[in-house]
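Chemist: Below are the structure tokens for one structure; questions will follow.
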Amino acid sequence: MKHQQTPGLFDDHFIFEKLNKLNDPLEKLDKYIDWRIFSQTLEECFEPETKDSSKGGRPAYDRLMLFKSSILQSLYNLSDEQLEYQIVDRSSFKRFLGLR
């Protein structure tokens, strides 16, 4: 069995650098779209949080990230399960969603 190396300090940097050289289409999309213009509309679409935060629990996902996830799902024709898998597996999806 092959021994897996521990990820290095700059591994993510080198992966993203390589993606840039390969003209990552998601990076281009991110460059040309100012996602902040959707923030107010997204906030208006959802009811305000009425959850009692003193009881604990996981905070809600960022609505802009959910919006961008639905764009990925549409662009790549992914089911919910495949979207989740691709977000875990693909560095370009993580970067697009702001998870790295």
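Chemist: Residues in the range 74-98 that are under 20 Å from residue 37 (Cα atoms) and part of a loop (DSSP other than H, G, I, E, B): how many?
Modeler: 1
Chemist: Taking the conditions exactly as written (open to solvent by 100 Å² or more (accessible area, probe 1.4 Å) and at pLDDT below 75), does residue 47 satisfy them or not? Can you show your working first?
Modeler: Details: open to solvent by 100 Å² or more (accessible area, probe 1.4 Å): yes; at pLDDT below 75: yes.
So residue 47 passes the test.
Chemist: Quick one: residue 13 ticks every box in (1) surrounded by 10 or more Cβ atoms within 10 Å (Cβ to Cβ); (2) at pLDDT 75 or above; (3) over 15 Å from the mean Cα position of the chain (by Cα) bar one, so which box is it?
Modeler: Of (1) surrounded by 10 or more Cβ atoms within 10 Å (Cβ to Cβ); (2) at pLDDT 75 or above; (3) over 15 Å from the mean Cα position of the chain (by Cα), only one is false for residue 13: (2).
The values are calculated or read from the model by the stated rules, or taken from the named source; none is laboratory data. Just so it is clear, the structure is predicted and the values come from calculations on it, not from any experiment. Virtual Cβ from ideal backbone geometry, glycine too; neighbours counted across all protein chains shown. Heavy atoms of the whole protein, side chains included, go into the accessibility calculation; ligands, DNA and RNA do not. Shrake-Rupley method; radii C 1.70, N 1.55, O 1.52, S 1.80 Å.
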